[in-house]
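Colleague: Starting off with a structure, shown below.
The values are calculated or read from the model by the stated rules, or taken from the named source; none is laboratory data. On a predicted model such as this, the values are computed, not experimentally measured, just so you know. Cβ atoms come from the backbone with ideal geometry, glycine included; neighbour counts cover every protein chain shown. Side chains are part of the model used for accessible areas, which takes the heavy atoms of the whole protein and leaves out ligands, DNA and RNA. Shrake-Rupley method; radii C 1.70, N 1.55, O 1.52, S 1.80 Å.
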Amino acid sequence: NSGVVCLLRPLLLDVVPSIRQTAALALGRLADYDVDLAEAVVKAGILPQLICSLPEENRYYKKTAAFVLRAVAKHSPQLAQAIVQCGALEMLVICLEDFDPGVKEGASWAFGYIARHSPELSQAVVDAGAVPLLVLCIQEPEIALKRIAASTLSDISKHSPELAQTVVDEGAIAHLAQMIPNPDAKLKRQVLSALSQIAKHSVDLAELVVEAEIFPVVLTCLKDSDEYVKKNGATLIREIAKHTPELSQLIVNSGGVAAVIDCIGSCRGTVRLPGIMTLGYVAAHSENLSMAVIVSKGIPPLCVCLTEEHEDHIKAAAAWALGQIGRHTAEHARHVAVANMLPTLLDIFVDTRSSEDLKMKATLKNILQKCTYLPALEPLLHEAPPCIMKHIIGQFSKVLPHDIKARRLFVTTGGLKKVQEIKAEPGSLLQEYIDTINNCYPEEIVR
């Protein structure tokens, strides 16, 4: 409000280097504070002035100038675009080539804040020639520089397969994969994130990541004491599992499913989410892969997530994963039913507080269309809403005509009585199911 931004501007051209540097630092701190101040810095025409003499400046000024650019860029795509338009990317590339690791770090950081906003801004960073220099930065000995360079490569890769490919073409995958065992947790987080952002886009990119021999070493990350390392490790496995049955099989063969199941059991909240999704993706691909999840005892921890977690999106993921496990055959569905999860799913479905997404995932439809395990279905008869009732009745109509013992039980537990109370449209599929069930019994029992 006192016009400080305009007062600082001429100081960027002062003859004394320490004054230039301190003025830049003050502007960086102001811009970092909030979006309005960052906009004021741009409107005052400070960016061109800041970078005009950058190549000749000392390392302290370069570091500070990179801090100003990052502080402005972080707030919005529009402000990041202003930095691109004033020609700052070329200057940041010069900083990436500097001998001083701190200058490189500052430039990497600024590039990351620009690239994260959009594919267009990320492309501008690529076009400026930053990627090969960032790949060199992750090979430097300084751990802080490795971290921020890996983070920036992650921000560039996340937007599209093409952008991820530019990172891959510079040989980034091999260098990132070598750093997975590094003891520094913050570096591991960024490395796993970058590999996830590359692998997520396509089968080809996921296969390139796998070929860098990340298995079984990546599984150790699921036991890490750092929650974000766990989460990012599970996310990387998820991004690989989702693409093809072959990639999922590779994860199973390397002990990945068992490791993911242990990970889900050892943590809480959103850290569980990528692991839950991984089990769902693996199980979705085929009967055999779904059975691999069952044999590895994947159902109990998913059931725990359904009952323990309070966030709807985590419950929805667990419900979805159980649906993927149970949807293949009667045997798969029976494993889910035996875990006594059907009543829990039904409770979630009828609960008015459940989000629409959660209700959709908890409809039980996937499991009910295959489940012929009647002891688990029977309790549902007495509380299921009509939209689910028809699937339950459908399964009874399949089993009862061929199973004498089940027919007897169905009468004694009150199931047949419940069926008589259901009002179905004449000629509807539900009415057909009811007629099939009633035809299994003498008329006086039905009456």
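Colleague: Taking 0.36 nm per residue of sequence separation and subtracting the Cα-Cα distance, how much length would be gained by fully extending the chain between HIS310 and CYS6, in nm to one decimal?
Modeller: 104.4 nm
Colleague: Sorted by packing (mean other beta-carbon atoms within 10 Å per residue), highest first, where do 49-55, 272-278, 96-102 land?
Modeller: Sorting 49-55, 272-278, 96-102 by mean packing, highest first, produces 272-278, 49-55, 96-102.
Colleague: Using a 1.4 Å probe, how large is the accessible area of ILE143, given in Å² and rounded to the nearest 10?
Modeller: My reading of the accessible area for ILE143 is about 60 Å².
Colleague: Calculate, for TYR33 and GLU246, the FRET efficiency according to 1/(1 + (r/R0)^6) with r their C-beta to C-beta distance and R0 45 Å; round to the nearest 0.05.
Modeller: The calculated FRET efficiency here is 0.35.
Colleague: Another one. Per residue, how large is the accessible surface of the range 373-446? Use a 1.4 angstrom probe and give square angstrom.
Modeller: 56
Colleague: Can you give me the % of accessible surface on the range 1-149 that is carbon or sulfur? Probe 1.4 Å, all protein chains present, nothing else counted.
Modeller: Carbon-and-sulfur percentage of accessible area, whole number: 57.
Colleague: Report the FRET efficiency, 1/(1 + (r/R0)^6), for THR413 and ALA174, where r is their Cβ-Cβ distance and R0 is 56 Å, rounded to 0.05.
Modeller: Values: r = 62 Å, r/R0 = 1.10.
After rounding to 0.05, the efficiency reads 0.35.
Colleague: What's the ranking of 244-250, 259-265, 279-285 by average number of surrounding C-beta atoms within 10 Å, highest first? Let's see the in-between values first.
Modeller: Details: 244-250: 17.3, 259-265: 22.4, 279-285: 25.7.
With the highest mean Cβ count within 10 Å placed first, the list reads 279-285, 259-265, 244-250.
Colleague: Quick check on my link table: of LYS62/LYS200; LYS230/LYS297; LYS361/LYS423; LYS74/LYS361, which ones sit more than 25 Å apart, alpha carbon to alpha carbon?
Modeller: LYS62/LYS200; LYS361/LYS423; LYS74/LYS361
Colleague: Averaging over all projection directions, find the projected area of the Cα convex hull of the range 164-283 and quote it in nm² with one decimal place.
Modeller: So the Cα hull casts an average projection of 6.3 nm².
Colleague: Between GLN431 and ASN288, with labels modelled 7 Å along Cα→Cβ, what's the label distance in nm to one decimal, could you check?
Modeller: 4.6
Colleague: Determine the gain in length on full extension of the stretch CYS387-ASP204; use 0.36 nm per residue of separation and subtract their C-alpha separation, reporting nm with one decimal.
Modeller: Once the chain is fully extended between CYS387 and ASP204, it gains 61.8 nm.
Colleague: Quick one: order GLU425, GLU309, GLU142 from most to least accessible surface, probe 1.4 Å.
Modeller: Working: GLU425 135, GLU309 15, GLU142 70 Å².
Per-residue accessible area, sorted high to low, gives GLU425, GLU142, GLU309.
Colleague: Moving to a separate point now. If the viscosity is 0.890 mPa s and the temperature 25 °C, what translational diffusion coefficient in µm²/s does Stokes-Einstein give for the range 384-423 when Rh comes from Kirkwood over Cα pairs?
Modeller: Approximately 231 µm²/s, per Stokes-Einstein.
Colleague: Treat each spin label as a single point 7 Å out from the Cα along the C-beta direction, and report the GLU90 to THR329 distance in nm.
Modeller: Computed distance between label sites GLU90 and THR329 equals 6.6 nm.
Colleague: If you don't mind, there's one more thing I want to ask. Could you list log10 I(q)/I(0) for the range 200-249 at q = 0.16, 0.20, 0.24 Å⁻¹, which the Debye formula gives when each Cα is one point scatterer?
Modeller: -0.43, -0.66, -0.88
Colleague: For the range 373-446, what D do you get in µm² per second when you plug the Kirkwood radius from alpha-carbon pairs into Stokes-Einstein at 10 °C and 1.306 mPa s?
Modeller: In µm²/s, the coefficient is 130.
Colleague: Give me the distance in nm between label points sitting 7 Å out from Cα along the Cα-to-Cβ direction at GLU162 and GLN78, one decimal.
Modeller: Computed distance between label sites GLU162 and GLN78 equals 2.6 nm.
Colleague: Same structure, new question: Just how far, in whole angstrom, is the range 213-240 from the range 275-289 if you go by their alpha carbon centroids?
Modeller: 17
Colleague: Using a 1.4 Å probe and ignoring any ligands, DNA or RNA, find the accessible area of THR22 and quote it in Å² to the nearest 10.
Modeller: Near enough 90 Å² of accessible area.
Colleague: Identify the residues of the range 5-26 with backbone N under 14 Å of a label point that sits 7 angstrom from the Cα of SER53 along the Cα-to-Cβ direction, or state none.
Modeller: Inside the label zone: 9-24.
Colleague: Per residue, what volume in Å³ does the Cα convex hull of the chain take up?
Modeller: Working: hull volume 73.8 nm³, N = 447.
Here the figure is 165 Å³ per residue.
Colleague: As an exercise, find the ratio Rg/Rh for the range 1-67 from alpha-carbon atoms, using the Kirkwood inverse-distance average for Rh. Let's see the in-between values first.
Modeller: Numbers: Rg = 11.0 Å, Rh = 11.8 Å.
Ratio value, two decimals: 0.94.
Colleague: When the dipole is taken about the Cα centre of the chain, and only Lys, Arg (+1) and Asp, Glu (-1) are charged at their Cβ, what size is it in debye, to the nearest 20?
Modeller: Values: 43 positive and 50 negative charges, 243 e Å.
The calculation lands at about 1160 debye.
Colleague: In 10 Å bins starting at 0, how do the alpha-carbon pair distances of the range 15-154 split up by percent?
Modeller: It works out to 13, 47, 34, 5, 0, in whole percents.
Colleague: Across bins of 5 angstrom width beginning at 0, how are the C-alpha pair distances of the range 213-371 distributed, in whole percent?
Modeller: Histogram of Cα-Cα distances, whole percents per bin: 2, 11, 21, 23, 21, 14, 7, 2, 0, 0.
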